[in-house]
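Read through the structure below, which is laid out as structure tokens, and then see the notes.
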């Protein structure tokens, strides 16, 4: 590809909040980036609108009936040239397509593991916004990145911040992270909407309350994870794999303003922080343009308006999910995959009105206590343990035995 040719981008999870922000950045730099493929599981109306506005070469949706509906609507609108397909095989195909340069991995949850891994195995530049892929299969995933020569750039604002704060050295056309002198990673957390709530008040939290994040616009599942602080626990696990760091070296710091996105502490006492307004277009633009930087369409940070930055320790009593995640990472093997699986079941039950807010952590804990940790030495083992943990969590939920 010549330097003047636009980079071809596959956007996995185009209809979510990360997907929408990615489309905005791409639209601002249409001479540099071209959408090859967009995917969604069931949001066919939203995917239709994306195809009409951005005209990708391909679109992938979950079912055959939705694919047929999408083809018909696109044809009627004069966009019949968009190739519409469906199902997992098509999803994997667009993730590793030869003409694709960059894959934005923004599918939520465990469903994003296989297409993200397919992009890695095809040696793509992978912009990782799906933390569950690393939580489930960390060692296998990072080995695949190295083995296939993929470029992995973290898009979660916290990991992107750490990536920017770590020193790098240039080696030819690439840059490698240097970890010498790094003493700790400091993951910031907003604390969610219930940072100051009592245990008694948390017992009566509703799904709508849990989804009303004070700083970020996110989907319902990740909003609940933020409210329980499980999201920060999953990010702790992700950080360990991304930066080859022990759990004890990752410290979570509650920072309610969400201006400092994360920090890196050094042996000489220095702490480097990456700051900015809470807008996912900043890390997305960083990943797309790396190692250069482009305008993300984000308002510059005005420190006089912010005026103060607050930090505090997380409360493991009111928010035990953070402790559960740390313990799962310390246990190793398939424990993080089981943690993630149980959490996905618990959060969906909460959103469906079948489980209390405090019951999320209790169900996850009970599932982990009843699950045997195995060596995560193959993808089949990881997927098997994921399914086993889901079945166990569903059974515990049904029996109310936790």
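Remarks
- Least to most buried among 251, 344 (fewest other Cβ within 10 Å first): 251, 344
- For the stretch 89-225: rounded, prolate or oblate by the Cα gyration tensor [a/c cutoff 1.5]: oblate
- Inter-part distance where the stretch 330-398 and the stretch 89-117 are each reduced to a Cα centre, Å: 24 Å
- Taking 39, 282, 245, 206 and counting other C-beta atoms within 10 Å, the order from fewest to most: 206, 245, 282, 39
- Anisotropy class of the chain from Cα gyration tensor, a/c 1.5 cut: rounded
- Taking only the C-alpha atoms of the stretch 328-402, the Rg (one decimal) and the largest Cα-Cα distance, Dmax (whole number), read 11.9, 37 Å.
- Global dimensions of the stretch 224-273 from alpha-carbon coordinates: Rg and Dmax equal 11.9, 38 Å.
- Length released on extending from residue 5 to residue 294, taking residue separation times 0.36 nm less the Cα-Cα span: 102.4 nm
- Taking the chain and dividing mean pair separation by its residue count, relative contact order in percent (alpha carbons under 8 Å, at least six apart): 14 percent
- With Cα atoms as the point set, the stretch 266-402 shows a radius of gyration and Dmax of 20.1, 54 Å.
Read-outs throughout are calculated quantities, based only on the coordinates presented, and are distinct from any laboratory measurement. Model, not experiment: these values are computed from the prediction. Cβ coordinates were reconstructed from backbone atoms using ideal geometry, including for glycine residues, and neighbour counts include every protein chain displayed.
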